[in-house]
Amino acid sequence: DQVIAVCQEKGLVPFLDMAYQGFGKGLDEDAWSIRRFAESGMNFLVSTSYSKSFNLYGERIGALTVVTPNATEAQVVMTQLKAVIRANYSNPPAHGARIVSHVLSDAKNYAHWEQELAGMRDRIRTMRAALAEEMARIGAKRDFSFVTRQAGMFSFTGLTPEQVDRLATEFGVYAVRNGRICICGLNKKNVAYVAKAIATVL
């Protein structure tokens, strides 16, 4: 509510990113902030990614939703967006969009996808907990419980570029040099090894 109040006071047009809808608490639960902005009556934009939730990374599929108070204003915005789209990429591949449309427009397919998404979400949570627990068990210099309070496929670990380099060269564990790791790359067989490697470079 405070963010909405600031946006209204400053005359800002918020751009909300929904890259991980369904990876936090659930599809409906993760959309609460979008609903709050919609209830405020403000103009705003929402980017939604299906690359992660549909495992369509190669397609880079998503959507941009523009929320305006009336159809006339929406039409003006769409005219501008179409001009930008035409100048930038004109006609993107349709394969990913067709897959997403096929799943979301059929009740049976949607229910199956929602069940699979919940399975992905639960597995990521399990791996987050396993990493934090293993780091605590081996007595790492840093408390990694923060990993369990994050959501999504990735986690910022706080590792320095030098520590990340050591992970790669000494242990064959790879991360982005800003310390971001992919939680999905963890499993029951490698989480102890990864935790030990991280603890060693701290």
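Things to note:
- Value at 222 nm in deg cm²/dmol, rounded to 500, when DSSP H runs of n ≥ 4 in the chain each add -39,500 (n - 2.57): -15000 deg cm²/dmol
- Ordering of 14-24, 179-189 by packing is 14-24, 179-189, highest average first (other Cβ atoms within 10 Å, averaged per residue).
- Helical segments meeting 27 Å axial Cα length and Kyte-Doolittle -1.0 threshold in the chain (DSSP H): 107-137
- Overall form of the range 2-105 per C-alpha gyration tensor (a/c, 1.5; a/b vs b/c): oblate
- The chain - Rg over Rh from alpha carbon coordinates, Kirkwood radius: 1.04
- Restricting the range 1-91 to trypsin sites (Lys or Arg not before Pro) in coil, as DSSP defines it, with at most 14 other Cβ within 10 Å: Lys25, Arg60
- Legend: residue pairs Lys52/Lys141; Lys25/Lys82; Lys25/Lys52; Lys10/Lys52, Cα-Cα distance threshold 25 Å; pairs beyond threshold, Lys52/Lys141; Lys25/Lys82; Lys10/Lys52.
- Rounded, prolate or oblate (a/c below 1.5 giving rounded, otherwise prolate when a/b exceeds b/c) for the range 123-201 by Cα gyration tensor: rounded
- Candidate aspartates and glutamates for bridging to Lys196, where Cα separation is under 16 Å - those fewer than 8 sequence places away on the same chain excluded: Glu133, Glu134, Asp143, Asp165, Glu170
- Computed over the chain: relative contact order in percent, which uses C-alpha pairs under 8 Å that are six or more apart: 15 percent
- Rounded to the nearest angstrom and listed largest first, the equivalent-ellipsoid semi-axes of the range 76-172 from its Cα gyration tensor are 39, 23, 13.
- Cleavage-rule hits (chymotrypsin sites (Phe, Trp or Tyr not before Pro)) in the range 171-202: DSSP loop, at most 16 neighbouring Cβ within 10 angstrom: Tyr174
- Of the GluC sites (Glu not before Pro) in the range 29-64, those whose Cβ has at most 15 other Cβ within 10 Å and which sit in DSSP loop: none
Bear in mind these aren't lab numbers, they're just calculated from the coordinates by the rules spelled out. Please read these numbers as outputs of a predicted model, since none were measured by experiment. Note that we place each Cβ from the backbone using ideal geometry, even for glycine, and neighbour counts take in every protein chain shown.
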